[in-house]
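Notes follow the structure.
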């Protein structure tokens, strides 16, 4: 599974704007495994072993297993981290972020913890292959209300 994540997976940690609720933002963590839809049995096997997530077929002939949730991703990474090779930086940053976020409700995070989470987002973003521009440090801090 760790090898599959290294080769055909991704770790995404984002700060999403929201229109509803008191807070105008939320953190979102996602682990994805990708496979050609003709060979998606592997994704269903991984899903059955993890006992979480959902498999969906995309319009481009690919299928993906998507897992969300701070505690769930933290637990998955606890098991996979010793074996992850190529995405170790992203997996470590995601593990630290999900450990922090699973202990505290986002409204209980102090300024230093929020800044640390922004740093994890940027660390993961820097190592991931990106097809479009992502939010930079200044924009992320602004969303969190941490700029002067």
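Details
- To the nearest ten degrees, helix 41-50 and the longest principal axis of the Cα atoms of the chain are 50 degrees apart.
- Between the Cα long axis of helix 111-127 and the first principal axis of the chain there is an angle of about 40°, rounded to the nearest 10.
- Within the chain, helix-based [θ] at 222 nm, where runs of 4 or more DSSP H residues each add -39,500 (n - 2.57), nearest 500: -14000 deg cm²/dmol
- Taking the fewest neighbouring Cβ atoms within 10 Å as the starting point, the ordered list for 98, 30, 147 is 147, 30, 98.
- Nearest-ten-degree value, helix 70-80 long axis tilted from longest Cα axis of the chain: 50 degrees
- Förster-model FRET efficiency, 22 Å R0, residue 134 and residue 54, C-beta, rounded to 0.05: 0.35
- Measuring between their Cα centroids, segment 64-92 and segment 1-28 lie 12 Å from each other.
- The convex hull defined by the C-alpha atoms of segment 12-62 has an orientation-averaged projected area of 4.9 nm².
- The Cα-based radius of gyration and maximum Cα-Cα distance (Dmax) for segment 69-144 are 13.0, 36 Å.
- Panel note: the C-alpha atoms of the chain, placed on their principal axes, show extents of 51, 32, 28 Å (largest first).
Values in this text are rule-based calculations from the coordinates and carry no lab data. Bear in mind the structure is a predicted one, so any value in this text is a computation, not a measurement. Because the Cβ atoms are built from the backbone with ideal geometry, glycine has one as well, and the counts that use them run over all protein chains shown.
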